[in-house]
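Colleague: Dropping the structure in here first, questions after.
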Amino acid sequence: MSRDKSIPALATLFAISLALLVLGPSTMTSQSTRPAISEKARQLHFSSIVIDTHTDTTQRFIDGDFDLAPRNEKGSVDIPRMKEGGVDAIFFAVWMPSKVRGPIAVERAQKQIEAVHSQVTKHSNDLVFATTADQIRAARAQKKIAILLGIEGGHMINSDLAVLRKFSAEGVRYMTLTHSGNCEWADSSTDKPVHNGLSPFGKQVIAEMNRLGMMVDVSHVSDKTFHDVLAVSKAPVFASHSNCRALCDHPRNMSDAMIRELAAKGGVIQINFHVGFLSQEFRNAERADPKINQAIALEVQKRCGNKEGCQLIEGDRITREYVEAGKLPRVDWTKIIDHIDHTVKIAGIDHVGIGSDFDGANMPFGMEDASMLPKITNALLQKGYTEGDVKKILGENTLRLMADVEREGKQLRGEK
């Protein structure tokens, strides 16, 4: 829900005029939604390759009443807002609850993969499907947005390496090993451990992902699973949408030691925008009054029924209503910068990127959708980051990681 801002008419006209001067010519509608950033930041942002490694927009395709082409009132991602935010590449997550198991999980994942491909085909003037770092660069040269796929939860391969290979052949470029619950061969950070990290079959999964050139995603996994992955994987690994435990003590976030170990392996942590992972104050408030989340869940069910895409979007909107009513603390988008900056300080500039969790989590105020991403570039410049450093955070680190994983896969397959 957008905040009610009753501004006198003259002030409104002045604000619009100032925005037009700062940001350049455009339509009045799109201009009013763009963040006010410096001209230097704008030029840097739109000359950089901007990659978001995790969004849950895929669920909206399955609901059957959503299309990427028009600007949408709800949610965070569509073609107009991706263009306004300078997005060059975006990973759509294939997701379902961890409790969905067996052949039905494979079938549902397949439908989501097909739905993403369908959107790319339908909007081929703006979108192109990509599987490699070079294809992302080629898409930018064509002035198109590269669309990529990630599987969010190892339960969707049904403990079958043949399914993993099938998903890879259909363009899936990473797999998050678990979601909120354990899968059959790996422990989750938010479930009771049953495998002591990776099971023997889980180690086979990592080896096969390395061979396929798929990125291993350690977001959501338990600390023990994380360490097992680093010990087994021959390629660098990454966290597609995770934050810093030192700033917000949530088991989904990574400790400083884990981030350093990830970096030492050549990996990247992609900073998540979810307020419950950004803000300790917000997490404390949620834990202090569990009835709030229960009430939000009931209202989500009332508004959406069984439509999972709708549930994700409305969960964000209803949470925002609770914040505006003073029942939960407000979290500002600048917390994202705090987590980026912390990661850089402990792991170095080459090991941080962006994995927003748009359309799947509760967004902070000021980062409601993809059009707001230039604010990150502006803030990093204001903190003293160099233009080269900002480019790394926006996308170059992710491209380097992808290329490293692809190279290792070719070597393991015996290809030149």
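Colleague: Given the conditions (1) in contact with an Asp or Glu (Cβ under 6 Å, 6 or more places away or on another chain); (2) farther than 23 Å from Y322 by Cα, which single one is not true for N272?
Modeller: (2)
Colleague: I've got another one for you. Quick check, is A297 over 15 Å from C248 (Cβ atoms) and open to solvent by 30 Å² or more (accessible area, probe 1.4 Å)?
Modeller: Details: over 15 Å from C248 (Cβ atoms): yes; open to solvent by 30 Å² or more (accessible area, probe 1.4 Å): yes.
Judged against the criteria, A297 is a match.
Colleague: I'm trying to understand the selection: among the residues of the range 364-382, which are touching a helix residue (DSSP H, G or I) at 6+ places or on another chain (Cβ under 7 Å), open to solvent by 10 Å² or more (accessible area, probe 1.4 Å) and assigned to a loop (DSSP other than H, G, I, E, B)?
Modeller: Correct list: G366, D369.
Colleague: Just need a number here: residues in the range 35-49 that are assigned to a helix (DSSP H, G or I) and either open to solvent by 10 Å² or more (accessible area, probe 1.4 Å) or free of Cβ contacts under 8 Å to residues at least 60 places away in the same chain (or both). Break it down into steps so the answer makes sense when it comes.
Modeller: Start the filter on the range 35-49 by keeping residues that are assigned to a helix (DSSP H, G or I), which leaves 39-47.
Subsequent filtering for residues that are either open to solvent by 10 Å² or more (accessible area, probe 1.4 Å) or free of Cβ contacts under 8 Å to residues at least 60 places away in the same chain (or both) retains 39-40, 42-43, 46-47.
Residues in the range 35-49 being assigned to a helix (DSSP H, G or I) and either open to solvent by 10 Å² or more (accessible area, probe 1.4 Å) or free of Cβ contacts under 8 Å to residues at least 60 places away in the same chain (or both): 6 in total.
Colleague: Do you know which residues across the range 71-81 are touching an Asp or Glu at 6+ places or on another chain (Cβ under 7 Å) and assigned to a loop (DSSP other than H, G, I, E, B)?
Modeller: The answer is R71, N72, G75, S76, V77.
Colleague: Exactly one condition in (1) part of a helix (DSSP H, G or I); (2) open to solvent by less than 40 Å² (accessible area, probe 1.4 Å); (3) not hydrophobic (A, V, I, L, M, F, W, C) is false for P329; which is it?
Modeller: (1)
Colleague: Separate question: Out of all the residues in the range 94-105, is one or more in contact with an Asp or Glu (Cβ under 6 Å, 6 or more places away or on another chain), under 14 Å from V172 (Cα atoms) and not acidic (D, E)?
Modeller: Scanning the range 94-105, I find at least one residue that is in contact with an Asp or Glu (Cβ under 6 Å, 6 or more places away or on another chain), under 14 Å from V172 (Cα atoms) and not acidic (D, E), so the answer is yes.
Colleague: Of all residues in the range 50-97, how many are open to solvent by 10 Å² or more (accessible area, probe 1.4 Å), under 25 Å from H155 (Cβ atoms) and of a type in the set (G, A, S)?
Modeller: 1
Colleague: So L312 fits all but one of (1) within 16 Å of D56 (Cβ to Cβ); (2) at pLDDT 95 or above; what number is the exception?
Modeller: Failing condition for L312: (2).
Colleague: Name the residue, out of G409, G360, that is part of a loop (DSSP other than H, G, I, E, B) and at pLDDT 95 or above.
Modeller: Being part of a loop (DSSP other than H, G, I, E, B) and at pLDDT 95 or above holds for just one of G409, G360, which is G360.
Colleague: Could you name every one of the strands (runs of 3 or more DSSP E) located completely within the range 104-176 that has at least 2 residues being open to solvent by 10 Å² or more (accessible area, probe 1.4 Å) and touching a helix residue (DSSP H, G or I) at 6+ places or on another chain (Cβ under 9 Å)?
Modeller: Answer list for the range 104-176: 127-129.
Colleague: Which residues, counting only those in the range 219-253, are open to solvent by 10 Å² or more (accessible area, probe 1.4 Å), free of Cβ contacts under 8 Å to residues at least 60 places away in the same chain and either in a helix (DSSP H, G or I) or among the aliphatic types (A, V, I, L, M) (or both)?
Modeller: Scanning the range 219-253 gives D223, K224, H227, D228, L230, A231, V232.
Colleague: Would you check if E314 is of a type outside the set (S, T, Y) and surrounded by fewer than 18 Cβ atoms within 10 Å (Cβ to Cβ)?
Modeller: No, not satisfied.
The values are calculated or read from the model by the stated rules, or taken from the named source; none is laboratory data. Being a predicted model, the structure only gives us computed values, none of them experimental. As a convention, Cβ positions derive from the backbone with ideal geometry for all residues, glycine included, and neighbour counts pool all protein chains shown. Surface areas here come from the heavy atoms of the whole protein model, side chains and all, with no ligands, DNA or RNA. Shrake-Rupley method; radii C 1.70, N 1.55, O 1.52, S 1.80 Å.
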